[in-house]
C-alpha cells in the first residue's frame, strides 16, 4: 500500500500546481477532483494533511505529503521566491547523497559541523571539493597564496616550519595540483566578455627535453595570446619549436577560450605566424586582420601588452628553475593566477576576469572566493543530477525507487 501512496504522490508532483505559502504550509491539488486542493504542513517533524485519507485512516504520510517532499527536493535550488517556505530556511544543507532537504544538525566534533539526513539515514558534512583534509582550509589557502605570489615549494614548507607545522613540499605540490584542477574545471565553464583585438607573442623558457643551447641548457617556447581590452590571457601553450603548426595550436586554444573570433590579431614578425593564423581560422566566415609590428616596448604600435606579460612570466618562473614534465599544470596555474587572482595595475586593481565580467570579488581573498564558487557549482550539479535521475525513472520503477530513496516510518 505504501508503494501505491508514493507512486500517487509522484504523479501529483509531476502534474504540477503545488504552491508554498508564506506561513510554511503548502497547497496541493487533488489528483482526482478538479479544482480541489488540500493543505499540507510539517509540524514537529511530522507531516499533516487536510485530505480525507489522512484524517480518516491516520496514515503517517499520504500521497499529498509525498508530493510536497518531492516538490521541496527538486525545487530547492531552482526556486528563488522571496516567500520561501519556512521548512526550508536559509541555513538548510541539502543532502548531496540523495538530494533531500529533510536534514538536521548532528553535532560538531573537532569544530566541523555534521548533518543527518532523515530520508537516506546518512551523515555528512558541508559539501567540499577539498576532501580528506588533514590541515585546516585556512592553512591550505595561505599556502596557495604564497605559491601564486612566487615562493617555491621548499620555501613554503620552511615558512610553515617556523610555526611548528611540518608540511612536506610534496604535500604542498599535491594541494596545488588539486586546487588548480578544481578551479580549472570551474573557470573553463565561464565565457568572458572580450574585445575584438588580440595580442600574441612567444617567449623562450627553460624546458627539459627541449632544444639544447651552447651552454647545455634546454629550452622550449611559450605562446601567449591576450585580449587587449581586458588583458585576459586566452592561451598559454608550450612547444619545442616555432613552426606554423605550433602557432595554429595556440590560436585554436585562444578561440576555444574566447568563444568568439577577433577582428584583428597583432603579432611580431615571426615567419610562421601568418600561415599559422590562416590555418587556425580557415573554416571561419571571416579571416581576422593580421597586423605585424616591430617588437619592443616603447616602439610606436609595439606589441607591448604581450611583451609586458612575458616579463611577468619571467619573474614568476624564476623560482621554478625550468619547466619539466608538469608544464601543463604550471601553465594552467599561470592562467588562473594571471586571469583570476593577480590584480592588474593597468586595470585599476582589477583582475582580467573581473574586467571580462566573469565575477566580481567581494574581498581580497580571491582564491577562497573562487573555491566557494566552484564548490557551489559542483554541489548544484550533484543535486541536479540526483533530481534528473529521479525524473527519468520509468513509471514501472517509480514506486520501488522512491520507496527506497524516501523511506519513512511506514503506515499505521
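The values are calculated or read from the model by the stated rules, or taken from the named source; none is laboratory data. As the structure is a computational prediction, the values presented were derived from the model and not from experiment. Cβ atoms come from the backbone with ideal geometry, glycine included; neighbour counts cover every protein chain shown.
Scanning segment 8-32 for residues that are assigned to a loop (DSSP other than H, G, I, E, B) and either surrounded by 15 or more Cβ atoms within 10 Å (Cβ to Cβ) or out of contact with any strand residue (DSSP E or B) (no Cβ under 6 Å at 6 or more places or on another chain) (or both) yields 16, 18, 21, 22, 23, 24, 25, 30, 31, 32.
For segment 329-352, residues that are touching a helix residue (DSSP H, G or I) at 6+ places or on another chain (Cβ under 8 Å) and assigned to a strand (DSSP E or B) total 1.
Within segment 222-248, being surrounded by fewer than 22 Cβ atoms within 10 Å (Cβ to Cβ) and either out of contact with any strand residue (DSSP E or B) (no Cβ under 6 Å at 6 or more places or on another chain) or in a strand (DSSP E or B) (or both) holds for 229, 237, 238, 239, 241, 243, 244, 245, 248. Here residue 35 does not fit the description of being at pLDDT below 80, more than 26 Å from the chain's Cα centre (by Cα) and either under 30 Å from residue 138 (Cβ atoms) or surrounded by fewer than 18 Cβ atoms within 10 Å (Cβ to Cβ) (or both).
Residues in segment 162-220 that are at pLDDT below 90, more than 27 Å from residue 357 (Cβ to Cβ) and in a loop (DSSP other than H, G, I, E, B): 162, 163, 164, 165, 213, 214, 215, 216, 217.
Whether a residue is farther than 23 Å from residue 7 by Cα and at pLDDT 75 or above was assessed, and residue 91 does not pass this test.
Within segment 201-221, being surrounded by 20 or more Cβ atoms within 10 Å (Cβ to Cβ) and touching a helix residue (DSSP H, G or I) at 6+ places or on another chain (Cβ under 6 Å) holds for one residue alone: 201.
Each row is one residue, and each column tells you yes or no for (1) at pLDDT 70 or above; (2) closer than 15 Å to residue 228 by Cα; (3) not assigned by TED's automatic domain parsing to the domain that holds residue 230; (4) not in a strand (DSSP E or B).
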residue	(1), (2), (3), (4)
284	yes, no, no, yes
287	yes, no, no, yes
291	yes, yes, no, no
295	no, no, no, yes
298	no, no, no, yes
306	yes, yes, no, yes
309	yes, yes, no, yes
312	yes, no, no, yes
319	no, no, no, yes
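If you check residue 151 against the conditions, is it at pLDDT 70 or above, part of a loop (DSSP other than H, G, I, E, B), closer than 29 Å to residue 174 by Cα and out of contact with any strand residue (DSSP E or B) (no Cβ under 6 Å at 6 or more places or on another chain)? Criteria met by residue 151.
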